[in-house]
Amino acid sequence: MPYLPHPARYERMTYNRCGASGLLLPAISLGLWHNFGHDTPHQTKRDICRTAFDHGITHFDLANNYGPPIGSAEEAFGEILRTDFRGCRDELIISSKAGYRMWDGPYGEWGSRKYLISSCDQSLRRLGIDYVDIFYSHRFDPDTPLEETMGALADIVRAGKALYVGISSYNSRTTREAAAILSGLGVPCLIHQPSYNILNRWIEHDGLKTTLAELGIGSIAFTPLAQGMLTNKYLSGIPAESRAAQGKSLQREFLTGRAVESIRKLNAIAERRGQTLAQMAIAWVLRGGGITTALIGASRPQQVVDCVGALGNPDFTDAELAQIDAVSSEEDINLWARSSAGD
């Protein structure tokens, strides 16, 4: 039986304007970084994407290296576009990125014009579409002139291969430089994708959050759940099927006794708010409108449903925010290599 999207899907989601642009993004977006490679059954991927769209999630975030193996997440989503989402392309925001290693030799990573344009072409072939809505420089390249990287992004837009461009994991200084170059080329920087969560607040310490607001650039926060740390998964130990146990993207050493105790205290605050810890963590990232959309991952459909539930209680009292700060201020767990930000 063919899939039919839920008729009330847009009533289930909040949509926020992305910076100073005309584009609205769902408050929660789905990232296909994990669980969309060959190690996950395709039916599970279909179920996750269907559930997301049924709940108003219109933004699906990919990158050339997502898998495993690299490229397989784009191939899987391309198949979903051809089957489940056939006829829905104009209702979707599809993004991809290039910056990390994709192939052997000196042209297979970082931020050269050669790499970015070749990567974009490859991504479009894997996805089976003519253009992506957003194409990112996935990380700052310290050895390539920023003018070259941004010029390649602008030319990708001019060639009709992307509607908008963005950057990911750039710090405040390099973000200002990149945005100025793009503006001069007539292709504004639409969005920035940094890591951000209760346990890792580098964008506040660096001033990036303020910079984005000043420049009218939207933001999509990845790792809002700290790779699962800000869920109920690790409250009683490390489950065998978890990322920490499998060494996928969360290192065991992050789950120190102090960190787990902080997570338990955060969970207690969430319970008093009538939320799961994951819901509170997403609501915290989105608080005050400083972040356009929170980028979640999921290994099963119910996790998507739980995350969307965060929108049912998005506001915090000053006392709640102070309590969250008090039990998490000593952590600042860096789940992402910030050296790529241009530090």
Please report the antiparallel percentage of the DSSP beta bridges confined to the chain, to the nearest 5.
15
Go through 25-35, 69-79 and give me the packing order, highest mean Cβ count within 10 Å leading.
25-35, 69-79
For a 28 Å ceiling on Cα separation, which of these pairs sit above it: Lys97/Lys209; Lys97/Lys265; Lys209/Lys265?
Lys97/Lys265
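If R0 is 41 Å, what FRET efficiency do you get for Glu177 and Ser236 from their C-beta distance, rounded to 0.05?
The value I calculate is 0.35.
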Quick one: among Asp141, Asp318, Asp39, which has the greatest mean-square fluctuation in a GNM of the chain with alpha-carbon springs under 10 angstrom?
Asp318
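How much accessible area per residue does the chain have, in Å², with a 1.4 Å probe?
40
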Förster radius 22 Å - calculated FRET efficiency between Gln43 and Arg89 (Cβ-Cβ, nearest 0.05)
0.50
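Sorted by accessible area (1.4 Å probe), largest first, how do Tyr234, Tyr10 line up?
Tyr10, Tyr234
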Ignoring ligands and nucleic acids, what accessible area does Leu153 show with a 1.4 Å probe (Å², nearest 10)?
0
Considering the convex hull of the alpha carbon atoms of the chain, report its projected area averaged over all viewing directions, in nm², one decimal.
16.5
Net charge (Lys, Arg +1; Asp, Glu -1) of residues whose beta-carbon lies under 10 Å from that of Val304, Val304 excluded, is -1
Please report the accessible area of Arg176 (heavy atoms, 1.4 Å probe, ligands and nucleic acids excluded) in Å², nearest 10.
90
Using a 1.4 Å probe on the protein heavy atoms, what percent of the accessible area of the chain belongs to carbon and sulfur?
51
Percent antiparallel among DSSP beta bridges (both partners in the stretch 73-189, rounded to 5):
0
Report the label-to-label distance for Trp103 and Glu148 in nanometres (one decimal), using points 7 Å from each Cα along the Cα→Cβ vector.
1.8
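The values are calculated or read from the model by the stated rules, or taken from the named source; none is laboratory data. Remember, it's a predicted structure, so these values are computed and weren't measured experimentally. Here Cβ is always computed from backbone atoms with ideal geometry, including for glycine, and neighbour counts include all displayed protein chains. Ligands, DNA and RNA are stripped out before the accessible areas are found, and what is left, the full protein with its side chains, is counted by its heavy atoms. Shrake-Rupley method; radii C 1.70, N 1.55, O 1.52, S 1.80 Å.
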